[in-house]
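The values are calculated or read from the model by the stated rules, or taken from the named source; none is laboratory data. Every value quoted in this text rests on a predicted model; they were computed, and no experiment measured them. Note: ideal-geometry Cβ built from the backbone for every residue, glycine included; neighbour counts use all protein chains shown.
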Amino acid sequence: MRNPTNIFPDNLNSDVVENEAIVCPRSKTSRRAFIKGIIASGAVASSSGFMFGSIAGCSSDKSVAGSIERLVSLNVNGKMRRVDVLPQETLAMTLRYKLGLTGTKLGCDRGECGACTVLIDEVPVNSCSILTHTVRGRAVRTIEGLADSTGALHPVQQAFVDELGPQCGFCTPGQIMSAVALLQTIPTPTREQARQALSGNLCRCGAYDHYLNSVMRAAGKMS
Ligand code: FES
Ligand code: FES
């Protein structure tokens, strides 16, 4: 009978199974060690490096040529953050669920709504559509990185408040990041230029005019 608290069947301890379940002939890795390695590595999807390492080189602790280092350093809002990142992980997922920066919203998760907009080297990017590994060595700025060290809001944020820009507010961080990028490039845009700059940010509440008013107010203050 299996011990319900033990995820390994009792007979995995037997010499028979231990000896017959050689996974890698070069390292003599047992089935038990192999299963433990997979569980320890997190999810099945994230364990491919371990598995390929075991099969190809019979070594789980050495990186395989072409594999991606999972522990990476990211420059986020001016601080270096060390984070364990899966090869297929998007920047939006890393920011929200690894670094706790939930100001960046996930709407469509497919590059259509702009809710996840962040700045990478001061260029607005849909963070749901870029892999975190590709932004190593680049400067990532999120909505949490706009206020100054005293906590004072960025002029664009303040203008959005003053103009009562948001309704539900879900799209607001993305709208603000796009507006910040615009005003850094064109400090005194026309309303049409502002409309173009925010055209990738959808608002299901339809607060577009309020947002444009906010951008124009911020432009007036910042110039
Ligand atoms: Fe990224 Fe919609 S969540 S574009
Ligand atoms: Fe609600 Fe834009 S304010 S989605």
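Here the range 151-174 is the region considered, the condition is being closer than 12 Å to Y208 by Cα and hydrophobic (A, V, I, L, M, F, W, C), and the residue that is surrounded by the fewest Cβ atoms within 10 Å (Cβ to Cβ) is L164.
Without any contact (Cβ under 8 Å) to a residue 24 or more places away in the chain and within 13 Å of ligand 2 (Cβ to nearest atom): is that true of G169 in this structure? Outline the logic, then answer.
On the way: without any contact (Cβ under 8 Å) to a residue 24 or more places away in the chain: yes; within 13 Å of ligand 2 (Cβ to nearest atom): yes.
Yes; evaluated as a whole, the condition is true for this residue.
One residue stands out among those in the range 106-147 that are farther than 12 Å from M177 by Cα and basic (K, R): the one that is surrounded by the fewest Cβ atoms within 10 Å (Cβ to Cβ), which is R110.
Taking the residues in the range 115-145 that are over 17 Å from K79 (Cβ atoms) and either part of a loop (DSSP other than H, G, I, E, B) or at pLDDT below 95 (or both) as candidates, determine which candidate is farthest from the chain's Cα centre (by Cα). Once the filter is applied, the top-ranked residue is A115.
Sub-7 Å Cβ pairs linking a first residue in the range 92-115 that is under 10 Å from N126 (Cα atoms) to a second residue that is assigned to a loop (DSSP other than H, G, I, E, B) and charged (D, E, K, R), at least 6 apart or interchain, are A115/K105, ordered by first then second residue. I'm checking my understanding of the structure. Among residues of the range 118-128 that are in contact with a Lys or Arg (Cβ under 9 Å, 6 or more places away or on another chain) and of a type in the set (V, I, T), which one is farthest from ligand 2 (Cβ to nearest atom)? Going through the qualifying residues, I end up with I120. When the range 148-167 is examined, which residues are found to be polar (S, T, N, Q), more than 14 Å from L182 (Cα to Cα) and part of a helix (DSSP H, G or I)? Answer for the range 148-167, where residues must be polar (S, T, N, Q), more than 14 Å from L182 (Cα to Cα) and part of a helix (DSSP H, G or I): just Q158.
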